[in-house]
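Have a look at the structure below before the remarks.
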Amino acid sequence: MATPIIMPRQGQSVESCILTEWKVNVGDDVAEGDVLAVIETDKASFDLESTAAGKILALFWEADDDVPVLANVAVVGTDGENVDEFRPAGQAETPAAAPKSAEPVTSAPVQAAPQVAVVAQPASTSLVASAGVSPRARRLGIKYGLDAETLNGSGPGGRVIERDVQAALDGKPRLSATARSRSLSEDLESPVRGSGLAGMVLSKDLKVPGSVDGAEMSSVKGIRKVIAERMIQSLQTTAQLTLHASFELTQAQAYRKQRLEDGQSKVSLNDVIAHGIVQSLKAHPEMNAHFLGNRIATFEKVHLGVAVDTPRGLLVPVIKNASDLSIEQISAEVKSLAGACREGTISPDNLSGGSFTLTNLGMLGVENFTPVLNAPEVGILGVGGIVLKPKRTESGEVVYVDTLPLSLTIDHQGVDGAPAARFLQTLVEKLENNPGA
């Protein structure tokens, strides 16, 4: 009996997954539990396993398709079984291409179209002439490596005639015999001028359409594509303003050292800052919010997102109810979630629902930067690297101290500069005078 394989729901907040790669083909035999494909949510990657044994009868989606959860992606069964009942809406079976006739198509006499020059279309556009190609036009195209089927025709009924091919060839470089053959069979582009005699294009000069000289081309897909879309959406839909400050590290470093001397767990500077953010947001709830156009959602609890650099791209796991946790618990959560992100085992539910975000580039030598909002959150704090700055003591003496730069980006639609500055001021005072409390 034919059995559909569905796109599983990877967490309650996930509505679709990207099918990045098929591991099987139609006709392959699979067992229950075999990996059929690799799928991605907006942040994590998973294997799609078969829930039945048999032969792959149909694959309904292509690599890089964004597939709704619970939609049928494949069918497993035995030869001859009908799969149409399982086909997702809009995934109609592609009809077989009609065979091309060797003879030009004869059309009924119609009034001739105006005789205008036609510009050649790239082979990838596949603009097929509605009334065929004349024999002379076809021969001329073959001679110079041009597929006449891709041209718009100016002959009767839109038929491609010789002058259409000639117009397309004007200004094109000459191709060697091998280059002509490869350009047609492999759908390659020729440069304006080749490396052969008098600018003739040789086989080695041909390139993939859309390629750039001296650069390796790769498709933007998967997580990189999602990140790109979200970043541009954030910048286009929010009024971002960044405020800069810094805090002296003396007390924070002393606090961390004292913890170790007292036999307590080790915490990083990032943990101290994360805890400070949570405590400061309690005093400034307007920063712990989402701007939703005509509404502002202010959260009772702090759900802190912490940006993590992984081999697959930027991930932002969320510490849920961070306002209920101690600094030790926050530190443990950061380590656990960051590890799951880097290993690719993070649950999608742990990558959503943040109310404020922390991102740290200081360990990479960056002093200051402008973080981009994780919309619809109204605030994100960026942390830079340690900077030595002069400080005037109460006695008037100038000494040098270690400081850490902070950059707070806000959505000015949801919060004004003064409340944001007061939040930053509260955070700095806490980190300088009472870290960890």
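Charges were assigned to the Cβ only: +1 to each Lys and Arg, -1 to each Asp and Glu. The resulting dipole of the chain about its Cα centre is roughly 1480 debye.
When the GluC sites (Glu not before Pro) in the range 147-188 are filtered for DSSP coil states and for at most 14 other beta-carbon atoms within 10 Å of their beta-carbon, the remaining sites are GLU186.
A helix-only calculation puts the chain at -7500 deg cm²/dmol for mean residue ellipticity at 222 nm, using -39500 (n - 2.57) for each DSSP H run of at least four residues, averaged over all residues. Rounded, prolate or oblate: which one fits the range 356-424, using the alpha carbon gyration tensor with axes a ≥ b ≥ c (rounded when a/c is under 1.5, else prolate when a/b beats b/c, else oblate)? Oblate. Residues MET7, MET1, MET200, arranged from fewest to most other Cβ atoms within 10 angstrom of their Cβ, appear as MET1, MET200, MET7.
From the largest down, the chain spans 98, 62, 44 angstrom on the principal axes of its Cα atoms. The Cβ shell under 14 Å around VAL372 holds other residues with a net charge of -2, Lys and Arg each +1, Asp and Glu each -1.
Rounded to the nearest 0.05, what FRET efficiency do ALA297 and SER326 have when you use their Cβ-Cβ distance and R0 = 30 Å? Intermediate values should be presented prior to the final figure.
Details: r = 26 Å, r/R0 = 0.88.
Result of the calculation: an efficiency of 0.70.
To the nearest 0.05, how large is the calculated FRET efficiency for ARG392 and GLU343 if R₀ is 51 Å and r is the Cβ-Cβ distance? Between ARG392 and GLU343 the formula returns 0.60. Comparing ASN82, GLY199, LEU269 along the charge dipole axis of the chain, the residue lying farthest to the positive side is GLY199, per the Cβ-charge model. Length gained on full extension, LEU364 to ASN25, computed as 0.36 nm times the residue gap minus the Cα-Cα distance: 117.7 nm. When the chain is fully extended, how far beyond the present Cα-Cα distance does ARG422 get from ALA89, taking 0.36 nm per residue of separation? Fully extending the segment from ARG422 to ALA89 adds 114.6 nm.
Taking a ≥ b ≥ c as the square roots of the eigenvalues of the Cα gyration tensor of the range 212-309, is the shape rounded (a/c under 1.5), prolate (a/b larger than b/c) or oblate?
Since a/c reaches 1.5 but b/c is at least a/b, the shape of the range 212-309 is classed as oblate.
For the chain, the longest principal axis of the C-alpha atoms and the axis of helix 327-343 are separated by about 20°. Remark: spin-label model distance SER268-SER336 equals 1.7 nm, labels positioned 7 Å along the Cα→Cβ axis. Classify the range 239-433 as rounded, prolate or oblate from the Cα gyration tensor: take a ≥ b ≥ c as the square roots of its eigenvalues, call it rounded if a/c is under 1.5, otherwise prolate when a/b beats b/c and oblate if not. In terms of gyration-tensor shape, oblate.
Where a number appears in this text, it was derived from the coordinates with a stated rule and is not lab data. A quick note: this is a predicted structure, and the numbers were derived from the prediction, not measured. Neighbour counts are summed over all protein chains in view; Cβ atoms, including those assigned to glycine, are modelled from backbone coordinates with ideal geometry.
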